[in-house]
Amino acid sequence: MIRIDSIIKSVLVVLLLCVPAIAHSANKLEGVRIWAAPESTRVVFDLSEAPKYTHFTLTSPYRLVVDLNSTVKNVNLSKIENNSKLVKKVRISQPPSKGTLRLVIDLVKPVKANLFALSPTAPYGNRLVVDLDGGAGGVKQAPKVNPSEKMRDVIVAIDAGHGGDDPGSIGPSGTYEKKVVLQIAKKVEAKINATPGMKAVMTRSGDYFVNLNKRSEIARNSKADLLVSIHADAFTSPQPQGASVWVLSMRRANSEIGRWLEQKEKHSELLGGAGEIIQNTDNEQYLAMTLLDMSMDRSMAISHNIAGDVLSNLGRVTKLHKHQPEAASFAVLKSPDIPSILVETGFISNHREERLLTQREHQNNIANAVHKGVVRYFENNPPANTLMAKNGMISHKVTKGESLSVIAHRYQVSIASIKKANKLTSNTLRIGQKLVIPRA
């Protein structure tokens with residue numbers, strides 16, 4: 001027979017062998033990163049394993065408390081870079097039980113918090129993401145039309161894909177998509193702003209993440225006539241290459257219309273005065289569906305036309321992956337009231353195109369192609385009440401000997417109105433310069 005003391009000894013040996021394994025299995029907090037946007041902040045906790053967590057908020061002062069189960073700290077929280085307007089600091093607090101790591105995010109004001117875990121994806125491992133919304137609801141811009149003015153600029157929202165904790169695709173040499181698309185987007189912004197009668201609005205201007213829904217909100221709050229989203233493509237093999245332009249698929253368009261119809265409070269926002277007229281009527285749902293359907297049809301037709309113009313220009317400066325605009329279910333294109341296109345500037349997974357996408361000259365060529373395609377469309381199809389509208393715009397090319405006063409006298413308008421329409425900061429003109437002459 002087996003002796004009892006032998007059994008006990010065997011069990012003790014097994015238990016002792018398991019202790020180091022249990023201790024070793026504790027999750028580790030290996031880093032904390034704070035990505036600040038103008039109206040929101042993303043806090044990312046880098047962990048060695050998938051997190052198990054709970055959270056709650058406190059007031060006086062405002063705090064968000066996150067408890068990580070079976071987790072130990074392996075990072076110096078005092079050395080975290082923080083430029084957030086919402087987060088004061090991240091610190092450790094007394095845990096509710098042994099083995100729990102309690103993290104406290106000290107806040108400047110009340111925020112809406114959204115927490116979710118992310119599995120490993122290059123270049124990051126396991127993460128717990130904390131999105132903090134300051135409640136601004138997107139970037140608010142002044143209305144485009146001032147009652148004292150007859151004309152307005154064509155507004156183009158430019159969206160640099162990814163950002164912050166979302167690097168997008170990563171090239172074989174380690175180039176981040178989020179970085180090159182922001183550089184290209186800023187070049188497009190500069191070219192749009194330098195075009196008389198046009199104005200650019202960026203959905204993000206730095207290395208921070210903007211929620212996909214908020215990107216559309218920023219465009220809508222800015223009363224954008226067009227949304228252009230800039231990206232770089234990628235594939236599992238390095239062979240594919242070339243640029244492409246995408247528009248919203250009809251299937252996604254129909255599902256979005258259905259979603260908007262369920263949100264009655266959005267009807268006025270999407271349909272303007274028409275939304276207010278049909279509100280609370282017996283046929284509101286039917287009328288809203290009809291108007292939204294018409295709005296989506298119009299937006300998709302405009303998107304397809306602009307996509308074609310942009311693609312044609314891209315073909316002059318780089319290889320094309322698709323020679324016709326393609327349709328897809330991209331979330332950033334989903335607004336039924338805003339014409340939207342997504343430009344894939346090339347394949348960052350292709351060695352040659354990764355190198356090109358980091359070069360200033362190539363970035364400038366891509367930006368020029370996007371700019372020319374957008375301008376060409378709006379020159380031929382200017383929205384009503386804009387400086388580019390044919391019935392309210394005269395194009396003038398400066399010739400030798402002409403000055404602002406001479407041109408103003410010729411068209412019977414003020415010097416100040418010409419300078420404002422063309423965003424001139426001085427009275428100096430150059431031969432060959434194109435000017436928009438506003439309506440007298």
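The values are calculated or read from the model by the stated rules, or taken from the named source; none is laboratory data. Not measured: the values here are computed from a predicted model. Note that each Cβ is placed from the backbone with ideal geometry, even for glycine, and that neighbours are counted across all protein chains shown. Note: areas computed on protein heavy atoms with side chains; ligands, DNA, RNA excluded. Shrake-Rupley method; radii C 1.70, N 1.55, O 1.52, S 1.80 Å.
Which entries in Lys85/Lys214; Lys79/Lys179; Lys178/Lys199 show an alpha-carbon gap greater than 21 Å?
Check vs 21 Å cut-off fails for Lys79/Lys179; Lys178/Lys199.
Which distance in nm do the two modelled labels at Val317 and Val108 give, with both placed 7 Å along the Cα-to-Cβ direction?
In this crude spin-label approximation the distance works out to 3.7 nm.
Counting only other residues whose beta carbon sits under 11 Å from that of Lys372, what net charge do I get with K and R as +1, D and E as -1?
Charge balance near Lys372 sits at +1.
Can you give the Kirkwood hydrodynamic radius for segment 296-440, in Å, rounded to one decimal and based on Cα pairs?
18.0 Å
Would you calculate the separation in nanometres between label points at Lys419 and Lys89, each defined as 7 Å from the Cα along the Cα-to-beta-carbon direction?
In this crude label model, Lys419 to Lys89 measures out at 5.0 nm.
With Cβ to Cβ distances under 15 Å as the rule, what net charge do the other residues near Asp46 carry (K, R +1; D, E -1)?
+1
Kindly rank 218-228, 377-387 from highest to lowest mean number of other beta carbons found within 10 Å of each residue.
The peptides rank, most packed first, as 218-228, 377-387.
Students sometimes get this wrong: rank Ser78, Ser340 by accessible area, probe 1.4 Å, all chains present, largest first.
I get Ser78, Ser340, largest accessible area first.
For the peptides 99-105, 346-352, what is the packing order when you average, over each peptide's residues, the other Cβ atoms within 10 Å and list the highest mean first?
My ranking of the peptides, most packed first, is 346-352, 99-105.
Counting heavy atoms of the protein chains only and a 1.4 Å probe, report the per residue accessible area for segment 42-93 as a whole number of Å².
Dividing the accessible area of segment 42-93 by its residue count gives 60 Å².
How much of the pair distance distribution for segment 173-228 lies past 12 Å, counting alpha-carbon pairs only, in percent?
That tail contains 69 percent of the Cα-Cα pairs.
Going by Cα centres, segment 173-190 and segment 320-357 are how many Å apart?
13 Å
What accessible area per residue comes out for segment 148-214, rounded to a whole number of Å², with a 1.4 Å probe?
Accessible surface, normalised per residue, equals 34 Å².
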